[in-house]
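So the structure is just underneath, and the comments pick up after that.
The values are calculated or read from the model by the stated rules, or taken from the named source; none is laboratory data. The structure displayed is predicted, hence computed values, not measured ones. Here the Cβ positions follow ideal geometry from the backbone for every residue, glycine too, while neighbour counts run over all protein chains shown. The area values use the complete protein model at the heavy-atom level, side chains included, leaving out ligands, DNA and RNA. Shrake-Rupley method; radii C 1.70, N 1.55, O 1.52, S 1.80 Å.
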Amino acid sequence: MRTFRFFYISLPFFFVFFSAVSQFQDQTATKKSVRILSKTLIGDDGRVYACSDNDFFSFESNGSIAWSVHMNFKCNTDFSPVYSGFNQMLVLAENRILRVIFPRNGTKSEPELFFDPCETILGFAVSISSSSVYITVKNHGLYAYNMFRQQLWIAEPKIERFGYRLGCRKDYDNCTFNSRPVIDSCEGSIYISNNEGELYSLSLRGTYYQWIQDFSLVDPLFTVTPGDNGLVYVVFPLKSLVFALDSFSGDILWEKTVGPLAETSASDPVIDSNSWASIGSLDGTLYSFSRTGELHKIPKNIETDSVIQIEPLLDCSGYAVYVSQTKLEGKIDHVIEDYTYVSAKKPETAVFSLVVPETRSIYWSQSYSDQIPGLLLDEDLQHFLLDERIVLAFIAASSSGNPFRCRSKHEKLSSSCSFSEPEHLDIYIGNERAIIWFLLFEFVIMVLFATLVRFCFVFWKKKKLQDRPFSAFLDKRRLLHRKSREIDKTITRLQSESTANESMVDKIGDLIQERENVKRKLSSTYSLGRDIDESKSKLKDYVLPLYGGGSRSFSFRNRENESITIFQTPRDESSSEESYRDEHYDDVADNEHDEDDLDRKQKGKLLAHSEGSSNDGDGIASSRRSIYLKKRSLSLKTN
């Protein structure tokens, strides 16, 4: 696995450094007047929002206080205010979340209590698109509330699906979430980690876990930053590693090694609108990575006695970042076992720069040592403890040296989200024409298969195959086909002879009748299809002989509605011989004595008897023919 390689050869780093706040503090201010500001938030209006003790402040970009609101609880300086929409801010104060409403027409409103779990709050985040607040409560889980303070759902790190555990695989009983939630506005996802080093991706709309990535083999201590560009950046401060994950699947796309990093809270990268992620290092270098992992080091010429110990800040346009670099009197690196310690002497100057990571261009840079009055024009900030983090926030809010047009957060988000029109949605479907032909081929195969199944089902239900071997059925079919061919040859030979007499006509008629019997068997009982119901086809298969005076001829009729009446006449020896000959033909045709053959024999006898003999005389024959024709005409009229 990839993670093992970095686990063994990468060196974690600890940073031993002191803040340079004394360099930026008015030496004449008394100790009682110094207040500590929380982490700041720069709004779209160019103001800086922060809290201190029991007050919430809104500063102008020059450091003057625009307005302030008193709170009943002391704010937590480790968390910055979060904009919640509708001119409102959410602030964490003494494990409670307060909602601060901006003053309207000079009228201030008291902050209202938004959430009080009576437990430790590890962090929270706000999704403007879903109008929801997501809060991590220690040892409880992730809570989702709407802006009306109604609970939507609760998520826990322990997940079981179909009998399988998807999270907390090492210590299921003591597994909890241990980080603040972060929101990917482009993907509509929440990222949060547990105390075992597993990273979760959840949907904003509910407790649907999209993926879980286990980083326990790398380091359970890491920070997560959504790129809003189809990527999620995971930083391991002790390992000096940066991983880029696919926000859709959680797969690791690339990993890079950077210089030693500061504390965990200051190791989050900043992502600009060009989809470059920038992170500062204690070696004084700004490491910037493109979406594909291309690395830019800024500046190219690194000063050995400089560090970057705070996070860069995005400018108002979204295309550049402000960086604070501290120059020291000296810096020493110590490697003890697998750890590197950085010791620093007194800071000399702070260099603030405006950098475009994509082009490595530095548009503005200025050094400050004790010239704070020249930078901050208003005296309101003299009552607060200032460090590089606070000063950098006001420089970014004032857009110092910025040649780019400012854009709103919505415009910047739309620009960065355009990079996440991702590869995982661009599904390769191949050659459409080949696919169509393949589907057509599959359809034909399915039709043929269905036809074959139906044929087999019908075929094996035939009476001739019941309790009889299949080979006997095939032998009988071959015998009937051979007999049909022989009869055809005989008929052709007889018709080709020049002599034509009554016996010749009689013989041809008998052969034609025998051929019809053979064909009937091949098309019914010995066919490859279903058996034909004889009761429905008796009228169709009758063979009606018509007497023509001194000679005989056969006319084959097939009319269902024709009514035929046959009179029995006295027989002589010739008629008996004819009847015997008909029976003999049937017996030769089918030695198995089938029921349908018996019916045909009886029918043949009846027809033979009705035919009579030519030896009875022309008078008898003529009277029989006239009586028959009269009966037939009467029957046709009746029908």
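Annotations
- Förster-model FRET efficiency, 30 Å R0, Arg360 and Arg35, C-beta, rounded to 0.05: 0.20
- Inter-centroid distance (Cα atoms) of segment 159-194 relative to segment 130-149, Å: 15 Å
- Element breakdown for segment 213-263 at a 1.4 angstrom probe: carbon and sulfur atoms account for 54% of the accessible area.
- Taking all protein chains together and a 1.4 Å probe, the residues His70, His334, His296, His410 rank His410, His70, His334, His296 from largest to smallest accessible area.
- 9 Å beta-carbon shell around Ala66, net charge (K/R +1, D/E -1): 0
- Three semi-axes describe the equivalent ellipsoid of segment 115-249; taken as square roots of 5 times the Cα gyration tensor eigenvalues and ordered largest first, they are 22, 18, 15 Å.
- Rolling a 1.4 Å probe across all protein chains gives Asp214 an accessible area of roughly 70 Å².
- Accessible solvent surface per residue of segment 44-102, calculated while the other protein chains remain in place, 1.4 angstrom probe, Å²: 38 Å²
- For segment 327-369, carbon and sulfur atoms together expose 43% of the accessible surface, with a 1.4 angstrom probe and every protein chain in place.
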